[in-house]
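Quick notes on the structure that follows.
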Amino acid sequence: MKIFITGIRGFLASHLARALEARGHQVRGSATAGDLPRIRLGQPIDPAIFADADTVIHAAHDFRSGTLETNVTGARLIFDAARGRRRILISSHSARADAISDYGISKHRIESLYREEAETIVRPGLVLGNGGSFGRHLASIRKSPVIPLIDGGRNSVATLALTDFNEAMVRIVEVNRPGVWNLFNKQEPTMRQIVDLVLKLTGHRAWVVSIPYGLALAALRAGEGWLPVDSGSLQSMRLNSHRVHESNLRELIAAETSWQDAIRLAVRRDSELRNS
């Protein structure tokens, strides 16, 4: 199969590309710079870029502040340019009708394009690997002497091992079953459990401080930047602990990797890179 992945240099997209290539598929993709075909979200796209692709996986996203409309418009242009091919969207478990963050809102709006034409939508939880969103959390935990956790970190987090994400995505691509796929583990750890395990595995000592949600939200709205999130992301974190999506990961893979084992692997690979 010939597969095109937008944003192929991103953490998830690059790992997915390698997993698909290992299965014998021909994979190429786009980036915003460098020697690859360029796609800039929000700008016109020549459909010829997808000319020899059977499947187009849209994984690109602009995470900068104020880019909600850019992401939605960009996704629509890619969707239209890829017409006549199978189209798969890498969305997020944050995509929901009551989303608060720009990220969740944009993903939910983009999903409507794919739902209307019965294409494929994939909603992964927090992918546990040594890069991406969790990689940034991992780096922060490893270096911070003080780790603030909202309400003590008792809210649950939908997580997924990077290896399980790759396996499920390969299955989705090869089986060609359109629809919505929610990918996260049945057992959901709390943020405090995640932090405690990372601290234990890295041997890092830090003071974990519980911050009441109301106090944190008020401080962020007042412009105080002592938390590594903005008010929208903070509200989204609480909202996402109340599930509106049911996982169907087990329909795609034989057995889930536990969140503990996924974090152990992520920490080990992160340590190897630091020591190389």
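All of the numbers you see were taken from the coordinates with simple rules; none came from a lab. Nothing here was measured: the structure is a model prediction, and the numbers come from that model. Using ideal geometry, Cβ is built from the backbone for each residue, glycine included, and neighbour counts are taken over all protein chains shown.
Compared with the rule-of-thumb size 2.2 N^0.38 Å for a compact globular protein, the range 26-136 has a Cα radius of gyration ratio of 1.06.
Distance between the C-alpha centers of the range 1-63 and the range 80-127? Whole Å please. What the calculation gives is 16 Å, centre to centre. Counting only lysines at least 8 places from LYS200 when in the same chain, those with an alpha carbon closer than 26 Å to its own are LYS143, LYS186.
Shown is the FRET efficiency for LEU215 and ASP98, computed with R0 = 25 Å from the Cβ-Cβ distance and rounded to the nearest 0.05: 0.60. Over the chain, all Cα pairs binned in 10 Å intervals from 0 give whole-percent P(r) values of 6, 28, 36, 23, 7, 0, listed from short to long.
In this rough spin-label picture, where each label sits 7 Å from Cα along the Cβ direction, the GLU246-ARG177 distance is 1.4 nm. Quick check: pseudo-label points 7 Å beyond the Cα along Cα→Cβ at GLN43 and LYS2, how many nm apart are they? About 2.4 nm separates the two model spin labels. Any idea how far the Cα center of the range 148-204 sits from the one of the range 238-254, in Å? Spelled out, the Cα-based centre of one part sits 10 Å from the other. Here the label points at GLU69 and LYS186, each 7 Å from Cα along the C-beta direction, are separated by 4.6 nm in the simple model. Rounded to the nearest 10 degrees, the inclination of helix 231-240 to the longest alpha-carbon principal axis of the chain is 80 degrees.
Normalised by the number of residues in the range 54-207, the mean separation of alpha-carbon contacts (under 8 Å, six or more apart) gives a relative contact order of 22 percent.
Based on DSSP H segments of at least four residues, each scored -39500 (n - 2.57), the chain has a per-residue ellipticity at 222 nm of -13000 deg cm²/dmol.
Quick one: if the Förster radius is 41 Å, what FRET efficiency do ASP80 and SER271 give, using the C-beta to C-beta distance and rounding to 0.05? Efficiency, rounded to the nearest 0.05: 0.40.
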